[in-house]
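Below you'll find the structure, written out as structure tokens, and then a few comments.
The values are calculated or read from the model by the stated rules, or taken from the named source; none is laboratory data. Given the structure is predicted, the values throughout are model-derived calculations rather than measurements. FYI the Cβ positions are ideal-geometry reconstructions off the backbone, even for glycines, and counts take in every protein chain you see.
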Amino acid sequence: MADDIFETEDIYTLTDEDGVEMQFKLLASAEIEGVEYLALIPEADNEAEEYVILKREQDENGEDILVTIDDDDEFDRIADLFEDELFGEIDYDADPNANK
């Protein structure tokens, strides 16, 4: 499945379709079947609970770019992997008062 998943402090500046730049913190990355995927969270929003998943490709000039995952099946598979790796140890159903 995932050859390599790691947490890091890398910051990426991404430009949306309207030309607006935002900084994102890299939560984790994984190389799966030769493709690198990145889970990113907005840098300015320390309380953000949602993150984006992009994949690294090369443009026509051979430059690395990050693109959205258009295939729903591919996205679901990669999202499940990141969910398991990033949040797998958190038990959301646990009673918070159980250890008191």
Strands (runs of 3 or more DSSP E) (entirely within region 9-65) containing at least 1 residues that are under 14 Å from E83 (Cα atoms): 21-32, 35-42, 52-58
Qualifying residue in region 31-52 (condition: touching a strand residue (DSSP E or B) at 6+ places or on another chain (Cβ under 9 Å), small (G, A, S) and in contact (Cβ under 8 Å) with a residue 40 or more places away in the chain): yes
All positions within region 39-62 that are modelled with pLDDT of 85 or more and farther than 19 Å from A28 by Cβ: Q58, D59, E60, N61, G62
